[in-house]
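See structure below.
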Amino acid sequence: MPSQPRSRSGLLLCLTSAAGFGSLAVFGKQAYADGLDVAGVLVLRFGIAAPLLVGLALVARRRLRLPWPVAVRLLAMGAVGYAIQATLFFSALTRISAGLTGLLLYVYPALVTAGAVALGRHRLDRATLLGLGLALAGTALVLGLPGERLDPLGVTLGLAAACWYTLYILVGEQLLRGVDPLVASAYVACGAAGSFLAAGVILGRADLAAAGPAGYAAAAAMAVVGTALAIATFFAGLARIGSTWASIASSFEPVFTVALGVAVLGDPLGPGKLLGGAAVVAGAVLLPLIGGREAVGSAGEDAGAHVDAAVSPVVSSKVENVSTRGSTRR
């Protein structure tokens, strides 16, 4: 059992991570406003974040050398799987608000749990149904109650990002089980960076010249604050409080997105976002409690034992704990 100061610092670190990830959509909006397009944002984000994550793994004394088949799978998952998810998410961001984009993406813990149940990796019981029902009902409220003008294509792209991410996680969890999560994050980020650099530079898809200093600053903040710092603080918090509480703290990511969108961008905050968002977050908080309730408070375990697979920059590690930890540990 960790000491109280250690628990508090762990929760603070995980909440800092959630705020970092939650800031991505807001920084993306700011980058668009100063002339960057989707391709430009993603080229800059991963082009900066990839070497930062490699450096973070080196500082943490993680072994970066992997067997070739594993390394190729990790790079391919970044170059194809994560690149597609990021493209869908940031394309949705061009058409709908930051808060709505973040809430739509955060349907994925419920979708991953449903997928794990369908694949026989997780038990379907009343508690699981309650968590799934809250998350999906919250999404329906977000889309059904008044609050802001909904762009059908933007909503479709946001939901497509969540669905693609679900598939990506369920497949990657099996392919990469046992890989150190920080090392996997570095490889996946490098794969995504290579993919976006190829599309942006070789194919001429990224219009970097049209952006002003504020656009570059926002893209750099996405890489540093919304990616590298968010990943570093998540792992530091995970080591102190364990996977269940880390997952619960991370569930507040869309709360930070909505709050930052309102405070920084002036996004509307209608009843749909308030009620629906609260239900989405409640469902996301309940799911890790279902999967890891026997581990709540046992934060002294080694962090590496909590994260069996990392198939995207950190977030997939959180989802693996949310959706499948209960079935694999029972």
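We did not get these values from a lab; they are worked out from the coordinates using the rules stated. Small disclaimer: the values here were computed from a predicted structure and weren't measured. Here the Cβ is made from the backbone with ideal geometry for all residues, glycine too, and neighbour counts use every protein chain on show.
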V80 versus A140, label points 7 Å from Cα toward the beta carbon: distance in nm? 3.6
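Can you sort E253, E148 from fewest to most other Cβ atoms within 10 Å of each residue's own Cβ?
By the 10 Å Cβ count, ascending, the order reads E148, E253.
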Nearest-0.05 FRET efficiency for A33 and C163 at R0 = 30 Å, using Cβ-Cβ distance, is 0.60
Highest average packing first - 119-131, 39-51, 167-179, Cβ atoms within 10 Å: 39-51, 167-179, 119-131
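So what's the net charge close to S97: Lys and Arg +1, Asp and Glu -1, counting the other residues with Cβ under 9 Å from its Cβ? Mind dumping the intermediate values first?
On the way: positive: K29, K273; negative: E148, D267.
Taking every Cβ under 9 Å from that of S97, the sum is 0.
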Listed highest first by mean packing, meaning other Cβ atoms within 10 Å per residue, what order do 27-35, 104-112 come in? 104-112, 27-35
Going by how many other beta carbons lie within 10 Å of each one, how would you line up C190, C163, C14, fewest first? C163, C190, C14
